[in-house]
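Undergrad: Okay, here's the structure, questions in a sec.
The values are calculated or read from the model by the stated rules, or taken from the named source; none is laboratory data. Not measured: the values here are computed from a predicted model. Positions of Cβ are generated from backbone atoms using ideal geometry, with glycine treated the same way; all protein chains shown enter the neighbour counts. Side chains included, ligands, DNA and RNA excluded: accessible areas come from the protein's heavy atoms. Shrake-Rupley method; radii C 1.70, N 1.55, O 1.52, S 1.80 Å.
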Number of protein chains: 2
Amino acid sequence: MGNSLPVIGLAGYSNSGKTTLLEKLITELKRRGYRVGVIKHTHHHVELDQPGKDTWRHARAGAEVVVLATPSGVSLARSYESDPGPEAVISMMDGVDLIIIEGYKRGKWPKIEVYRHVVSERPAIPREELLAVVSDVPLDSEAPCFTLDDVAGVANLIERVILKTGG
Amino acid sequence: MGNSLPVIGLAGYSNSGKTTLLEKLITELKRRGYRVGVIKHTHHHVELDQPGKDTWRHARAGAEVVVLATPSGVSLARSYESDPGPEAVISMMDGVDLIIIEGYKRGKWPKIEVYRHVVSERPAIPREELLAVVSDVPLDSEAPCFTLDDVAGVANLIERVILKTGG
């Protein structure tokens, strides 16, 4: 990989609540002073920009990379012939303390699984990749298990095991 | 600068037709086999993502960098405390042969000005920074002057002077 930033994954079936948990986790980690980068990977072809915008027009015209720079942030869209894979995407990240990835299921980084009993019968991630389970029911799991509300507990685990800064 | 990619600017008053010319120019340069990167800088605070999208929610929660990766491209949004300036943005670019910048008026790269007589009395860019003028009226300009339709002429000039590959 192009850098050695700590990477964790967020896994779980659709509608298990990954986006909401991730939102809370970002807020909590930022509150603790960490800079968080997020990568979401999808197998679907998604429009990366809003149709009609200048940047969208330039990408459609064939620009490889289109950047919109503003006083408070920068957005960049890059087109690829084929899916660049997680390493290339991770290497685009700098200036963060932790990268949280949703998607790229086959990635070998430690993963937090969001589990809901109504959605699936058992967690999807094999034990050896499982950093923790966040579940709506008590689970007989070898990995640390947290309730859906216990964002502080998850953040403590990330600090201790991944960021190695106590917690 | 973080890299030594050729950079040119596209300048001109609002409504002079910059976006349309740039679209045509990207298409023409891509047809000639060049990979083009585009940077558009604005002084306005613009929403970098579509409200409600997962990536938008994660950025709002406080993530420094949010990436959406798809099989055909990657979009990245990075937040800054203050405007990062052109060098930092240019350094985000790689894998292109030419960077075309709209905005950052004080940048010292060679510029193409799009000029319309109805919009302003005379071109805005000082002669020493002017690579070419693209104008709706014949101009008594020391810089090469092209009509709004002569995208091939502009591309030839860019090839010869900036990319130094003939043309």
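Undergrad: Are there any pairs with C-beta distances below 7 angstrom linking a residue in region A:32-55 that is at the interface with another protein chain (Cβ under 7 Å from one of its Cβ atoms) to a residue that is assigned to a helix (DSSP H, G or I) and open to solvent by 60 Å² or more (accessible area, probe 1.4 Å), with the two at least 6 apart or on different chains, and if so which?
TA: From region A:32-55, the pairs are A:V36/A:K30.
Undergrad: Among the residues of region A:150-166, which ones are of a type outside the set (D, E, K, R), free of Cβ contacts under 8 Å to residues at least 60 places away in the same chain, surrounded by 12 or more Cβ atoms within 10 Å (Cβ to Cβ) and farther than 19 Å from A:K108 by Cα?
TA: Matches in region A:150-166: A:G153, A:N156, A:T165.
Undergrad: OK, next. Scan region A:74-91 and report the pairs whose first residue is more than 7 Å from every other protein chain (Cβ to nearest Cβ) and more than 22 Å from B:D49 (Cβ to Cβ) and whose second residue is aliphatic (A, V, I, L, M) and open to solvent by 20 Å² or more (accessible area, probe 1.4 Å), with Cβ atoms within less than 8 Å and a gap of 6+ or a chain change.
TA: Short answer, once both residue conditions are applied: A:E87/A:M1.
Undergrad: A further question follows. Out of A:P110, A:P138, A:P126, report the one residue that is over 30 Å from B:E47 (Cβ atoms) and at pLDDT 95 or above.
TA: A:P110
Undergrad: Consider A:V96 carefully, then state whether it is crowded, with 22+ Cβ neighbours inside 10 Å, within 8 Å of chain B (Cβ to nearest Cβ) and modelled with pLDDT of 95 or more.
TA: no
Undergrad: Would you tally the residues in region B:112-142 being open to solvent by less than 10 Å² (accessible area, probe 1.4 Å) and more than 21 Å from B:R35 (Cβ to Cβ)?
TA: Looking only at that region, the number is 7.
Undergrad: Does A:K105 meet the test of being basic (K, R), more than 11 Å from every other protein chain (Cβ to nearest Cβ), in contact (Cβ under 8 Å) with a residue 24 or more places away in the chain and open to solvent by less than 40 Å² (accessible area, probe 1.4 Å)?
TA: The answer is no for A:K105.
Undergrad: When you check A:T147 against the structure, is it of a type in the set (V, I, T) and open to solvent by 20 Å² or more (accessible area, probe 1.4 Å), yes or no?
TA: Answer is yes for this residue.
Undergrad: Could you grab me the full set of residues in region B:76-87 that are surrounded by fewer than 21 Cβ atoms within 10 Å (Cβ to Cβ) and out of contact with any Gly (no Cβ under 8 Å at 6 or more places or on another chain)?
TA: Scanning region B:76-87 gives B:E81, B:S82, B:D83, B:P84, B:G85.
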